[in-house]
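The numbers here are math on the coordinates, done by the rules we state, and not lab data. Since this is a predicted model, take the numbers as computed values, not measurements. Glycine gets a Cβ as well: all are built from the backbone with ideal geometry, and neighbour counts include every protein chain shown.
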């Protein structure tokens, strides 16, 4: 299967947090409420991040960047609704855990290992 090109421009002048939010919403199909729940803030705070008026805490930025990276990788193979479903589904390859929870708990490397297998042609 040929990957789709859904990466964001490397030359974007938007702040990184705005780029992460854009990718999460456009490629990952995540809504403001999803991102708010994931980061533990209100939907209004996510909106302020998206407008560039506020920035999240550095730890929050780190997990958002990890989630954005995973969404980018998944977007090479799946549409936005499938990406969102993949993030929220329990996976046998993750011992029944959900990718979004692992990323939140800073265990992204386990999710990336599955994506590497997908890149190598293994079926997930």
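What is the stretch 31-87 by shape, rounded, prolate or oblate, if you read a ≥ b ≥ c off the alpha carbon gyration tensor as root eigenvalues and call it rounded for a/c under 1.5, prolate for a/b larger than b/c, and oblate otherwise? Could you put the intermediate results ahead of the total?
On the way: a/c = 2.24, a/b = 1.76, b/c = 1.27.
Because a/c hits 1.5 or more and a/b exceeds b/c, the stretch 31-87 counts as prolate.
At q = 0.10, 0.14, 0.15, 0.18 Å⁻¹ the log10 of I(q)/I(0) for the stretch 16-119 amounts to -0.24, -0.48, -0.55, -0.80, computed by Debye summation with a single uniform scatterer per C-alpha, solvent ignored. Compared with the dominant Cα axis of the chain, that is its longest principal axis, helix 108-119 is turned about 50°.
How much mean residue ellipticity at 222 nm does the chain get from its helices, if each DSSP H run of length 4 or more adds -39500 (n - 2.57) and you divide by all residues, to the nearest 500 deg cm²/dmol? Can you show the working numbers first?
Working: 7 runs with 73 residues, N = 124.
After summing the helix terms and dividing by residue count, I get -17500 deg cm²/dmol.
Normalised by the number of residues in the chain, the average gap of Cα pairs under 8 Å and 6 or more apart makes the relative contact order 27 percent. Model label sites at residue 93 and residue 81, defined 7 Å from Cα along the beta-carbon direction, differ in position by 2.3 nm. Distance from the alpha carbon centroid of the stretch 12-68 to that of the stretch 71-124 works out to 19 angstrom. With respect to the chain, whose longest principal axis is taken over its alpha-carbon atoms, helix 16-26 is tilted by about 60°.
Going by the alpha-carbon gyration tensor, a ≥ b ≥ c the square roots of its eigenvalues, is the stretch 67-119 rounded (a/c under 1.5) or, if a/c is not under 1.5, prolate (a/b greater than b/c) versus oblate?
Details: a/c = 1.39, a/b = 1.31, b/c = 1.07.
In terms of gyration-tensor shape, rounded.
In terms of surrounding Cβ atoms within a 10 Å radius of their Cβ, 20, 38 rank from fewest to most as 38, 20.
Between residue 47 and residue 107, what length in nm is gained on full extension when 0.36 nm per residue of separation is reduced by their alpha carbon distance?
Contour length minus Cα-Cα distance gives 19.0 nm.
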